[in-house]
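One structure is given below, encoded as structure tokens.
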Amino acid sequence: QKEVEQNSGPLSVPEGAIASLNCTYSDRGSQSFFWYRQYSGKSPELIMFIYSNGDKEDGRFTAQLNKASQYVSLLIRDSQPSDSATYLCAVEYYRGGADGLTFGKGTHLIIQP
Amino acid sequence: ETGVTQSPTHLIKTRGQQVTLRCSSQSGHNTVSWYQQALGQGPQFIFQYYREEENGRGNFPPRFSGLQFPNYSSELNVNALELDDSALYLCASSWDRAIEAFFGQGTRLTVV
């Protein structure tokens, strides 16, 4: 059973601080890892993806992957109230799409002004 | 704006009816994936179409079926609707089965 686990939150972070979102996955053969942001009533928006161990930075966002620990995280620096949303972690177990993406249930992030 | 367009945006159906949801993929994309997102849950993979053929399928019953057309747009059909089919249905497109997937705005289906 392929599983992706996230703390549902809510995670409350003061404006300007670093928000840290975490995700674990069950299958060591996982290939690719994705972070999506979803505002209430809207569809998920891709923030970034990561394939290799280590860090990947894109603006205020940094994704971190540790395949040995089966752990992926997303850091949001200088958090803004507009970052308040649900953050979905997704894992691709099979390159080529045959299994699609497996999503966690999401972490609800609240940035307090 | 992802370039993936879904229609309709909202739909109300009665239990037992059939529904067709539509998705226009982003220009140049030949792969379409469909997901179901129930309230408070992450999206669940229904199936993927690549060049008009089903490329993979999640754990959904056969009453969930799909099509992809030569222009790579796609349909999701659900027969014998059940109350639990009420959800946000998401379509994503990509190139050559890649999973760097961009979702459309979704179709909110309510079954009563």
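The values are calculated or read from the model by the stated rules, or taken from the named source; none is laboratory data. Quantities reported herein were computed from a predicted structural model and do not represent experimental measurements. The area values use the complete protein model at the heavy-atom level, side chains included, leaving out ligands, DNA and RNA. Shrake-Rupley method; radii C 1.70, N 1.55, O 1.52, S 1.80 Å.
From the protein chains alone at 1.4 Å, what is the descending order of accessible area for B:TRP95, A:TRP35, largest first? Mind showing how you got there, number by number?
Working: B:TRP95 130, A:TRP35 0 Å².
The ranking, largest first, comes out as B:TRP95, A:TRP35.
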Original post:
For chain A, what relative contact order do you get, as a whole percent, if you take Cα pairs closer than 8 Å and at least 6 residues apart?
Top reply: 37
Original post:
Cα centroids of the range A:76-113 and the range B:50-112: how far apart, whole angstrom?
Top reply: 21
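What fraction of the Cα pairs in chain A, stated in percent, has a spacing above 20 angstrom?
Values: 2305 of 6328 pairs.
That tail contains 36 percent of the Cα-Cα pairs.
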Subject >> For A:ASN7, distant residues with modelled amide H under 5 Å away >> reply: A:ASN22
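What translational D, rounded to a whole number of µm²/s, comes out for the protein assembly as shown from Stokes-Einstein when the hydrodynamic radius is the Kirkwood one over Cα pairs, at 37 °C and 0.692 mPa s? Each step should come with its number before you reach the end.
Details: Rh = 17.9 Å.
Answer from the Stokes-Einstein relation: 184 µm²/s.
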**OP:** Leaving ligands, DNA and RNA out of it, work out the accessible area of B:ASP85 with a 1.4 Å probe and give it in Å² to the nearest 10.
**Re:** 10
